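The values are calculated or read from the model by the stated rules, or taken from the named source; none is laboratory data. Predicted, not measured: the structure shown is a model, and the values here were computed from it. Every residue, glycine among them, receives a Cβ derived from its backbone with ideal geometry; neighbour counts consider all protein chains shown. Accessible surface is based on the protein model in full, side chains and every heavy atom, while ligands, DNA and RNA are left aside. Shrake-Rupley method; radii C 1.70, N 1.55, O 1.52, S 1.80 Å.
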Amino acid sequence: MRKPDTIEYAYIDFDGFFAAVEEQIDPSLHGHPIGVIPFEHTTATCVIAANALAKQAGVTTAMPVTDARRICPDIRLIPQKPDIYVRAHHALLNQISHEIPIDVVCSIDELSCKLEAKDIQDPVTLARNIKARLAHNIGKYITCSIGFAPNRQLAKIACEMQKPDGLTILNPEDLPGPLLGLALKDI
């Protein structure tokens, strides 16, 4: 197996994707903790996405609605809109592909990109360009965290290290140092 001597991948993960899309399309949600749920008019379900304000209050993905309401009484629970999320996904991919070719779409809110030589030289500018393009052409409520690393798995770990709206670069010469403090579940 070849040992990389530079970063080779970017991994992009959209922060609280379903909740972010809801905030982007509905201005009345701005400034409020929100959680996206699969079904309306029931407490026998769970939160499938939460925005930053809900997360700051302690709401997590897969948390039962009753628990979310208990720890965050002012949470606004929004039933999911899969068709809207798919349209947002395609619009985001389109915008990102103007900055860098997409290598693998991993899920509706995650993707990886194989870096080209110009991107390896200045990943910070690439990340800023991607984030600025998304904010300008899609909207400021859908943010992403970006990780750069020698391989796709490390880039995914890197993008989780500074959420939300983060940027982490794991250079080969710095490894394994930044990984040593992570919990096993984070790897």
Legend entry - Solvent exposure, largest accessible area first (probe 1.4 Å, DNA, RNA and ligands not counted), of Lys163, Lys131, Lys185: Lys185, Lys163, Lys131
Inset, instruction - For every helix of n ≥ 4 consecutive DSSP H residues, a contribution of -39,500 (n - 2.57) applies; sum these over the chain, divide by its total residues, and give [θ] at 222 nm rounded to the nearest 500 deg cm²/dmol. - result: -10000 deg cm²/dmol
Inset, instruction - Putting +1 on Lys and Arg Cβ atoms and -1 on Asp and Glu Cβ atoms, find which of Gln153, Cys113, Thr61 reaches farthest to the positive end of the dipole of region 55-187. - result: Thr61
Legend entry - region 121-184: C-alpha pair distances exceeding 19 Å, %: 34 percent
Inset, instruction - Filter the cross-link list Lys55/Lys114; Lys3/Lys55; Lys118/Lys163; Lys81/Lys185; Lys81/Lys114 down to pairs whose alpha-carbon distance in this structure exceeds 28 Å. - result: Lys55/Lys114; Lys3/Lys55; Lys81/Lys185; Lys81/Lys114
Legend entry - Phi-based couplings in Hz for region 98-109 (Karplus 6.51, -1.76, 1.60; Gly and Pro marked x): 6, 9, 7, x, 8, 8, 9, 8, 8, 6, 5, 10
Legend entry - Cβ-defined net charge surrounding Asp186, 15 Å radius [Lys, Arg +1; Asp, Glu -1]: +1
Legend entry - Residue with peak Gaussian network fluctuation, the chain [Cα springs, cutoff 10 Å], from Pro150, Pro101, Pro82: Pro82
Inset, instruction - With label points built 7 Å along Cα→Cβ from the Cα atoms of His136 and Ile102, find their separation and express it in nm. - result: 2.0 nm
Legend entry - region 69-187 - charge dipole about Cα centre, Lys and Arg +1 at Cβ, Asp and Glu -1, debye rounded to 20: 560 debye
Inset, instruction - Starting from the amide H of Arg76, placed 1.01 Å from N in the peptide plane, find each other amide H under 5 Å away whose residue is 5 or more places distant or on another chain. - result: Ile34, Gly35
Inset, instruction - Return one whole number: the accessible area per residue of the chain in Å², for a 1.4 Å probe. - result: 52 Å²
Legend entry - Pair-distance profile P(r), taking every C-alpha pair of region 1-140, with 10 angstrom steps and integer %: 11, 36, 28, 18, 6, 0
Inset, instruction - Provide the packing ranking of 9-22, 66-79, i.e. peptides ordered by the mean count of other C-beta atoms within 10 Å per residue, highest first. - result: 9-22, 66-79
Inset, instruction - Have a look at His41, His98, Leu184 and report the one farthest towards the positive end of the charge dipole of the chain, computed about the Cα centre with Cβ charges (Lys/Arg +1, Asp/Glu -1). - result: His41
Inset, instruction - Run the accessible area of the chain with a 1.4 Å probe and give the carbon-and-sulfur part as a rounded percent. - result: 55 percent
